[in-house]
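Inspection log for the structure reproduced underneath, given as structure tokens.
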Amino acid sequence: MNTASSPNWKSVSVAEGRPVPESWNDTVRRDLLGTTVLGTIERWARDTPDAVAVEDEGTTPVSVLTYRQLDEDANRLAHLLRGHGVGGEARVGVCLERSAELVVALLAVLKAGGTYVPIDPGYPADRIGYMLADSTPQVLIARHGTLAPPADGATPAVLELAGLDAALAGCPATAPEAAVGADTSAYMIYTSGSTGRPKGVVVPHGGLLGLAVAHVEALGLRAESRVLQYVSPSFDVSMADIMMTLAAGATLVLAPGQPMGEELLRLLSERRVTHLMVPPVVLGTVPESELPDLRTVVIGGETCPEDVVARWSAGGRRVINAYGPTEATVCATLSTPLSADAPGPYPIGAPIANTRAHVLDDTLRRVPVGAWGELYLGGPLARGYHGRAGLSAERFVADPFASGGRLYRTGDVVRWRTDGALEYGGRSDDQVKVRGLRIEPGEIEGVLARHPAVRSAVVVAHEDRPGAKRLVAYLVAEPGVVGGTGVMGGPGVEGGPDMGEVRAHVAAELPDFMVPAAFVVLDALPLTANGKLDRRALPAPDYGTYGAYGTDREYIAPRTATERTLCAIWTEVLGVERVGTEDDFFDLGGDSILALQVVSRVRGALSVALPWRTLFDQPTVAGLAALAGRPDDAAAAAGPVAIPVADRGTALPLAPGQQRLWFLNEFTPGSVEYNTAAALRLAGELDGTALREAVTDLVARHETLRTTFETVDGRPVQVVRPGAVVPVRTLDLSALAENARAVELDAVLRAEQATPFDLRTGPLLRILAIRLGPAEHLLVATLHHIVTDGWSVGVLVRDLGALYAARLVSPAVTSSVLLGSPPADLTGLPELPVQYADYALWQRDAIAGVSVENQLSYWREQLADLPALDLPTDRPRPAVRSSAGAVHTFEVPKELADGLTSLGRNERASLFMVLTAVTQLLLARYSGRQDIAVGTVTSGRDREETENLIGFFVNTLILRTRIDESRPFRDLLASVRDTALEAFAHQDVPFDRLVDEFAPERDTSRTPLVQAAVVLQNAFGGLTEFGGMPAERVYVPRESARFDLTFEFWGHDGGLSGEMEYSTDLFDAVTVERLCRHWVELAGVVVGEPGGRLSGVGLLSGEEGEIFAGDWGVSG
């Protein structure tokens, strides 16, 4: 493969360019369907019984098996396996090195109807142990002395080859009667997993014959061909090597190990190898020499350098590029012979027999010829990942172009060339962002490779903290290069190329943001057992005096038990590999929400209740440890009391926040003001049965979703209903024309949001699935706020997606089993130690304590003489406020969103604090007041037990700021920061308590205490998929408002989305649109000049100034 630049492939418009011809995916070979490769091999054993099938150089003398011997030996071993219960896809572990015995064992397992599980005896013992424990083979075939440690639990029957001669002699030489069809599982290959644990890919027989025949035809294999089997038997390419050779009646050449350089040259020459399938990096080690017998070289697994094609295609030899993941039966595309006269990037070819290749955008729509997109493969696919239902559903998705079909999502970026071949552009997850800019590492690698002192180069992005990647270049020098040190920011070799020159070479061709932060020179790039680049083995650069992440800090390891505990907490919460005691929490990607999680975990681990603002004041581990630490021999403080599980046999009270919503509902029955809805657009086919089962599982997992509210002795109580069912309603709009469909969808969503809930009868959750097209659905969840909040919506989407994925592969499992302990086996979801009703009872007891009374004194000072927010309105404020409202949506451009984030980081403030400061400044300009108070909400999740619950945890806080226009914006931000930190430190006082304290005489024309709010939502921050389907949040229109104005922001990859909820009693749509536009303009000014005086910050154009001053608005 050859990597080309593929900039921002997700932005390609499907309306542009030439459509992909259907003929490019017309690959059906009906003669290969429904059959297996075993019959083809057995035919060679009958027709050419004395032809050499396997030649094993690993023995002395060289071991040779004819086709008859191979077939009979495999038949005898198959009978022996049948006698040990193998059949019906029972898994058989084969722990053998590359040898003739391994080929016999492979065919024997397939003939017996079993599933072949290769286990390389050269793997580390713990990896072998994991593979055995995970695959639970019924039988393990091994050579004496190479036995792997038995798996935990049931131990398989072990067949040692050294002691099987007598048993095999008594077995028939004919094939056993076994039901082996195209759908029978053939093998399970373990591939690397992103979690560090390998995952087993289960592949059926159906694709093996097509794989073999495609290679026989493309490579020109004949009976006299001699094919070197190079890669590890545990790598799926070995299956292609073996099957294509035996299907052609050719000779398979085996040799121990993975020779390179002179040793590989000798092997190719002496064994007269005609065909070779190997990664290009291995070819680069072979010295120049004549190899007259070698006719075809197949490369794959890595990018294909132009010099490899030029050298190895000389003299009429063919070089073919192969591409394919394990999940698509080894190989999905093959190129025509590559030519040195046609410079790269070289194509990876066209789909092989019975394989389909679709290049799609991130909504599963086809992109035109020449446009970059993600490659999805159809045809003979793997079943999925053994025991990994969620991952299987994520990677194997419904085929939007074939009813009932599946596609494998490769994660590779490709494009169709005009000649009908595919061109590889790198991994979609290789396209990294540095300082907010997309970068293709392959482009940097190409520049490095052009430096005369560099033989090869690999560029990777180290992301030790979310959102802050650094580029690191790993180089191999040309032989004989001498110069300065070979190390610049990391371990390497002395005497390599001058890194200053290399860096200058890159900087001369690429912008600053694409110049690697560190260069590491290596003797050779590390390879996996399969001959591919081992990215995990690349040494981490030691930034040392360079500083980590562009700072001047060196890594300092934790020195005390407290520091070690804090470093472990930070590592978990921030998702980084290593934390030093002087690392800054916010430089590592921390924010206010993550700070809350750290404080929660510190409380549990160290029995220390730190204020939330501590991390803002002491953002290093060392600083935090000084506050949290204590002498090791000191008596441990009493740990935090766990939230107890309440007795479900007694009346369960409401949480204080719930009680407020209950009374509001009683006061205005039928109100929809506190309805909340979330909608996802799904790209793929939605399985209705799996969705219904998943919703049932979700309701079983979370008590709040089956809770109703009644009155007992005049007081509201929660009633948890054990058998509650939430139906899934469906609606099909796919038959409507596009414009009509959009109109109808808007009406449906408005009606859904405007339908009230009955808190007494429930359910308080509604699920609606709307079909918009063959592979497009909208999934809508509507709830009453009394059982949910913003954080909970994220939990609901995550849990429902995981449960849906599990139901796709485990439809018959009961909810109790699916949600049983440990749930990660089937769903990956964490266990719930408590439910919301337990929290509600605990919270009522907690707020009755002295601490809340102490916090009230802060609020008495903060809210003294609090003025109402009087904004100019389009109509007089009615005497009695209604909830009538609407929402205006707007976008904060990505560059501005990044600027707001950077401004906050520079000023030790969170993004939320920056958004609040801009909003308060805007409200000050519109109202003409300098004393501005806005409301916001806390997550209420300062206990680790509550992080994964659905429920109403939020509390409303008031942020009051005095704005001095003679000072710069950074001073205003500092003031907002301090106010927010103090407010959150006193968040335990319920909002109702504040209302009773400071607004006992209600003004029915306004909401009490505050009339505007600012909210930064992160419920969908990491949403990219749902149950394996690409997914994105969709705005749901609503016609109610909880305040005069609510500024709500949602973060996403392209910046920030804004939603302005407003009272239609007061404001017209055009007014709110102008207000939002001014917000964006004002934010741009303060980001550009945070040190300028606020009085110098303009806001309105001349025309708008006249409107504002004269014609618009009455005092609200």
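The values are calculated or read from the model by the stated rules, or taken from the named source; none is laboratory data. Computed from a prediction, not measured in an experiment: that's the story for all the values here. Cβ placement follows ideal geometry from the backbone for every residue including glycine, while neighbour counts extend to all protein chains displayed.
Scanning segment 246-259 for residues that are touching a residue at least 40 places away in the same chain (Cβ under 8 Å), surrounded by 24 or more Cβ atoms within 10 Å (Cβ to Cβ) and under 22 Å from Arg29 (Cα atoms) gives a single hit, Leu246.
Quick one: which of Arg798, Arg877, Arg860, Arg807 is outside any helix (DSSP H, G or I) and either modelled with pLDDT of 90 or more or basic (Lys, Arg) (or both)? The match here is Arg877. Screening Phe952, Phe991, Phe912 for residues that are closer than 28 Å to His784 by Cβ, in contact with a Gly (Cβ under 9 Å, 6 or more places away or on another chain) and either without any contact (Cβ under 8 Å) to a residue 12 or more places away in the chain or crowded, with 23+ Cβ neighbours inside 10 Å (or both) leaves exactly one candidate, Phe952. Based on this model, can you work out whether Gly1096 counts as closer than 26 Å to Arg967 by Cα, in the same structural domain as Glu895 (by TED's automatic domain parsing) and either at pLDDT below 90 or in contact with an Asp or Glu (Cβ under 9 Å, 6 or more places away or on another chain) (or both)? Answer is yes for this residue. Answer with yes or no whether Leu264 is in contact with a helix residue (DSSP H, G or I) (Cβ under 6 Å, 6 or more places away or on another chain) and either in a helix (DSSP H, G or I) or closer than 30 Å to Thr136 by Cα (or both). It is false that Leu264 is in contact with a helix residue (DSSP H, G or I) (Cβ under 6 Å, 6 or more places away or on another chain) and either in a helix (DSSP H, G or I) or closer than 30 Å to Thr136 by Cα (or both).
Hey, does segment 889-901 have a residue that's surrounded by fewer than 18 Cβ atoms within 10 Å (Cβ to Cβ) and touching an Asp or Glu at 6+ places or on another chain (Cβ under 6 Å)? Yes, segment 889-901 contains a residue that is surrounded by fewer than 18 Cβ atoms within 10 Å (Cβ to Cβ) and touching an Asp or Glu at 6+ places or on another chain (Cβ under 6 Å).
Regarding Ala933, is this residue in the same structural domain as Glu1081 (by TED's automatic domain parsing), assigned to a helix (DSSP H, G or I) and either touching a strand residue (DSSP E or B) at 6+ places or on another chain (Cβ under 8 Å) or modelled with pLDDT of 95 or more (or both)? No. Note on segment 244-261: among residues that are of a type in the set (Gly, Ala, Ser) and in a loop (DSSP other than H, G, I, E, B), the one that is nearest to Leu527 (Cα to Cα) is Gly257. Among the residues making up segment 950-982, those that are of a type in the set (Asp, Glu) and assigned to a loop (DSSP other than H, G, I, E, B) are Asp964, Glu965. Exactly one residue among Asp996, Asp978 is free of Cβ contacts under 8 Å to residues at least 40 places away in the same chain and within 20 Å of Arg908 (Cβ to Cβ), and that residue is Asp978. Only residues that are charged (D, E, K, R), more than 30 Å from Glu776 (Cα to Cα) and surrounded by 11 or more Cβ atoms within 10 Å (Cβ to Cβ) were counted in segment 707-738, giving 3. Among the residues of segment 1019-1032, those identified as surrounded by fewer than 19 Cβ atoms within 10 Å (Cβ to Cβ) and in contact with a helix residue (DSSP H, G or I) (Cβ under 9 Å, 6 or more places away or on another chain) are Gly1021, Gly1022, Leu1023. Screening Asp996, Asp942 for residues that are buried (at least 18 other Cβ atoms within 10 Å of the Cβ) and modelled with pLDDT under 90 leaves exactly one candidate, Asp942.
With respect to Asp241, determine if the residue is outside any strand (DSSP E or B), among the charged types (D, E, K, R) and within 24 Å of Ile189 (Cβ to Cβ). Criteria met by Asp241. In this structure, Leu736 does not qualify as under 30 Å from Leu407 (Cβ atoms) and either within 31 Å of the chain's Cα centre (by Cα) or assigned to a helix (DSSP H, G or I) (or both).
Residues that are closer than 30 Å to Asp534 by Cα, surrounded by fewer than 19 Cβ atoms within 10 Å (Cβ to Cβ) and at pLDDT below 95: does segment 217-233 have at least one? No, segment 217-233 contains no residue that is closer than 30 Å to Asp534 by Cα, surrounded by fewer than 19 Cβ atoms within 10 Å (Cβ to Cβ) and at pLDDT below 95. Contact map, segment 761-789: first residue over 16 Å from Arg729 (Cα atoms) and assigned by TED's automatic domain parsing to the domain that holds Gly684, second residue surrounded by fewer than 19 Cβ atoms within 10 Å (Cβ to Cβ) and charged (D, E, K, R), Cβ cut-off under 8 Å, separation 6 or more or different chains; pairs are Glu776/Arg681.
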